[in-house]
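The values are calculated or read from the model by the stated rules, or taken from the named source; none is laboratory data. Nothing here was measured: the structure is a model prediction, and the numbers come from that model. Here the Cβ positions follow ideal geometry from the backbone for every residue, glycine too, while neighbour counts run over all protein chains shown.
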Amino acid sequence: MGVALNLGFVIVEFIYGQLVHSLALVADAGHNLSDVLAALLAWGGAALARHRPTPGRTYGLRRSSIPRCIGCAHAMRHPSTTYFLAEVSC
């Protein structure tokens, strides 16, 4: 439910930012979108980590938390870098 609400807020904020020509609102919408992506990655990784061990995977899929953390960090870093470079080039 929280992901859906945040995604709706992202859409409204982005559209309104475009209408009023506000880079701050558009940038905040991008930041909130990265929060949504990070939440989805965390949610998916938590679901993977619940898999039980098998003879082929004696630890189950609990190690999926490592790529999940890397993915979340990238999801949080990428939009801010993109907007920073867009501001510098203007």
message: If I go through the range 2-24 residue by residue, how many of them are modelled with pLDDT of 90 or more and in a helix (DSSP H, G or I)?
response: 16
- line: So, first residue under 10 Å from residue 36 (Cα atoms) and in contact (Cβ under 8 Å) with a residue 12 or more places away in the chain in the range 1-23, second residue among the β-branched types (Val, Ile, Thr) and not in a loop (DSSP other than H, G, I, E, B), Cβ within less than 6 Å, six or more apart or across chains; the pairs are 3/36; 6/36; 7/36
